[in-house]
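The values are calculated or read from the model by the stated rules, or taken from the named source; none is laboratory data. Every value quoted in this text rests on a predicted model; they were computed, and no experiment measured them. Note that each Cβ is placed from the backbone with ideal geometry, even for glycine, and that neighbours are counted across all protein chains shown. Ligands, DNA and RNA are stripped out before the accessible areas are found, and what is left, the full protein with its side chains, is counted by its heavy atoms. Shrake-Rupley method; radii C 1.70, N 1.55, O 1.52, S 1.80 Å.
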2 protein chains.
Amino acid sequence: MRILLLEDEPEMASALSAALEARDAVVDHVSMLADAEEAARSLPYDVILLDRQVPDGDGLSIVPRLRAAGVGTPVIVLTARGELEDRIGGLDTGADDYLVKPFAMEELLARLRAIMRRPGDVRSEVVSFGRLSYDFGCHDVLIDGERCELPRRELLVFEALARRIGRTVPRHALEEAVYGFADDIQSNTLDAHVSRLRRKLASLESGLEIHPVRGIGYLMRRTS
Amino acid sequence: MRILLLEDEPEMASALSAALEARDAVVDHVSMLADAEEAARSLPYDVILLDRQVPDGDGLSIVPRLRAAGVGTPVIVLTARGELEDRIGGLDTGADDYLVKPFAMEELLARLRAIMRRPGDVRSEVVSFGRLSYDFGCHDVLIDGERCELPRRELLVFEALARRIGRTVPRHALEEAVYGFADDIQSNTLDAHVSRLRRKLASLESGLEIHPVRGIGYLMRRTS
DNA sequence: GTCGCCGCAATGTTCCCGCAATCCGCCCAA
DNA sequence: TTGGGCGGATTGCGGGAACATTGCGGCGAC
């Protein structure tokens with residue numbers, strides 16, 4: 001496991017490094033924000049551990065920049081700033097977990113294991129695909145920053161496809177996302193919504209297109 | 001967002017439900033272990049919230065059973081048992097996060113958002129053979145990360161062979177995988193699919209090849 | 001009332017599938 | 001050695017299944 005550690009207190013840093021390396025992790029330790037951001041951008045770490053108080057700013061500040069740059073590496077914040085609003089702010093800035101110092105090393109290791117059990121990278125609350133961006137939080141579709149209204153069903157289809165952009169979304173998963181479990185749907189209503197959504201994405205020149213995957217479902221990807 | 005809530009204290013349960021539903025979540029509330037396990041097995045929730053102390057046991061105990069059954073839904077534990085070893089044990093049992101009561105509702109919501117930023121709720125099974133990888137969940141074949149389209153029948157053949165890579169798959173097992181049990185197939189249709197698949201694997205330089213095993217079936221292995 | 005979304009169904013379109021004809025390579029026996 | 005038989009390989013084609021598109025009636029929101 002490759003770990004990037006941003007921590008400016010030498011004692012804390014060496015203690016963490018030692019404990020992690022004892023668990024067969026490879027730790028890259030940096031003390032400055034800028035170094036951390038550059039390392040995270042250029043190397044594929046499995047997880048990033050961030051201290052908030054570092055000499056050149058708030059460690060948390062690199063998270064949105066990394067997410068915007070497409071770096072989805074999980075982030076765990078380690079900090080003495082443990083007030084409720086700090087924790088909430090940290091998580092909503094894009095961190096995956098938030099541990100308040102002092103913490104038990106065993107708990108950090110357990111939380112690392114929990115994060116490593118999950119496959120794939122984290123996705124930011126707001127995703128951008130070329131001219132189009134989507135905010136999963138407030139369900140807003142923006143094209144060139146302009147809000148674009150979508151009917152409810154089409155929005156649900158879009159959201160389900162956007163969550164797994166570039167990968168096939170099985171038909172039953174789409175039906176589940178658009179209707180509930182109980183809701184039984186007949187006919188080709190789902191296809192109709194997909195069709196209308198597809199046309200809108202095209203006419204808005206959103207840079208996204210929806211492809212059918214015969215016998216399986218649908219897939220959305222950037223226009224090639 | 002669909003949430004399964006296991007909580008036996010009525011006050012806590014209704015407070016949680018109300019707060020979550022105010023955020024547009026759909027909450028299924030159960031008070032017993034057995035109900036929670038059955039619901040989690042049969043319905044695809046986005047996240048499961050578990051209380052540990054419920055009348056018929058420890059809420060955590062269903063997590064390993066769900067994981068073993070292939071249910072990968074994220075789990076957040078909400079409990080009064082907040083000792084260090086409880087937290088570590090909870091995380092290592094398969095929980096994704098662990099919140100100790102009393103907690104601030106806002107923090108739970110933030111941790112929910114953090115978990116929902118992740119791409120899939122279900123751990124999809126992905127296998128890699130050199131340049132090629134296959135995702136059994138969404139049925140995507142990737143070569144060097146690039147999605148490669150396969151017709152449904154060929155995909156089913158590939159899937160059956162990939163499950164037993166390096167070992168012979170008998171003809172009847174392939175037929176069963178590609179068609180149902182009932183479906184009766186005549187002629188050499190299966191061979192035709194194998195042939196087309198083989199050609200594609202070769203022309204894509206996937207690093208995989210399909211060999212016939214005379215009188216038995218077929219076998220897929222890495223190119224030697 | 002009116003506007004717009006939804007579910008549904010009819011119709012058009014595309015592409016896959018099953019089939020079969022033919023070819024190839026291996027093995028065996030005369 | 002050679003011809004025949006057998007199991008598999010390959011490929012073109014017609015039918016049909018899956019998907020696309022669009023119009024309509026209904027109902028709910030405002």
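Using the heavy atoms of the protein chains and a 1.4 angstrom probe, tell me the accessible area per residue for the protein assembly as shown in square angstrom.
48 Å²
Pop out the Kirkwood hydrodynamic radius of region B:2-116 from its pairwise C-alpha distances, inverse of mean 1/r, in Å to one decimal.
About 13.9 Å for region B:2-116.
Could you give me D for region B:126-222, from Stokes-Einstein at 25 °C and 0.890 mPa s, where the hydrodynamic radius is the Kirkwood radius over C-alpha pairs? Units µm² s⁻¹, please.
Answer from the Stokes-Einstein relation: 182 µm²/s.
Rounded to whole Hz and in sequence order, give me ³J(HN,Hα) for region B:127-134 from the Karplus expression 6.51 cos²θ - 1.76 cosθ + 1.60, θ = phi - 60°, writing x for Gly and Pro.
With coefficients 6.51, -1.76 and 1.60, one gets 10, 10, 10, x, 6, 9, 9, 9 Hz.
Which whole-number value in Å³ per residue fits the convex hull of the alpha carbons of the protein assembly as shown? It would help to have the intermediate numbers written out before the result.
Working: hull volume 79.5 nm³, N = 448.
Hull volume normalised by residue count: 177 Å³.
Quickly work out the B:Thr223-to-A:Glu205 label distance, labels modelled 7 Å from Cα along the C-beta direction, and quote it in nm with one decimal.
Rounded to a tenth, the inter-label distance reads 4.2 nm.
Remind me, relative contact order of region B:2-116 in percent, using alpha carbon pairs under 8 angstrom and six or more residues apart? It would help to have the intermediate numbers written out before the result.
On the way: 184 pairs, mean separation 26.5, N = 115.
That works out to 23 percent.
Going by amide H atoms built from the backbone, whose H comes under 5 Å of the H on A:Asp140, apart from near neighbours?
So A:Asp140 has HN proximity to A:Asp135.
Amide H neighbours of B:Val26 under 5 Å, counting only residues 5+ apart in sequence or on other chains, H built in-plane at 1.01 Å?
For B:Val26, whose amide H was placed from the backbone, the distant partners under 5 Å are B:Arg2, B:Ile3.
Order of B:10-20, B:31-41 by packing, highest average Cβ count within 10 Å first?
Going from most to least packed, we get B:31-41, B:10-20.
At 7 Å along the Cα-to-beta-carbon direction for both A:Arg214 and A:Ala22, put a label point, then send me their distance in nm to one decimal.
Once both label points are built, they end up 5.9 nm from each other.
Hand me the chymotrypsin sites (Phe, Trp or Tyr not before Pro) from region B:125-224 located in a DSSP loop with no more than 16 other Cβ atoms within 10 Å, in residue order please. Don't jump to the answer; show the numbers that get you there.
Values: sites: B:Phe129, B:Tyr134, B:Phe136, B:Phe158, B:Tyr179, B:Phe181, B:Tyr218; in loops: B:Phe136, B:Tyr179, B:Phe181.
Those satisfying the criteria are B:Phe136, B:Tyr179, B:Phe181.
Using a 1.4 Å probe on protein heavy atoms, which residues of region A:145-170 have at least 30 Å² less accessible area in the complex than alone?
Going by heavy-atom accessible area, the residues of region A:145-170 that drop by at least 30 Å² are A:Arg163, A:Arg164, A:Arg167, A:Thr168.
Which distance in nm do the two modelled labels at A:Met12 and B:Ala34 give, with both placed 7 Å along the Cα-to-Cβ direction?
A separation of 5.0 nm, rounded to one decimal place.
When the accessible area of chain A is split by element with a 1.4 Å probe, what percent falls to carbon and sulfur?
50 percent
How far is B:Arg214 from the same spot in each other copy, in nm, shortest first, if each label point sits 7 Å from Cα toward Cβ?
Result, one decimal in nm: 3.5.
List the accessible area buried at the contact between B and A, summed over both sides and calculated with a 1.4 Å probe, in Å² to the nearest 100.
Accessible area lost upon association: around 3700 Å².
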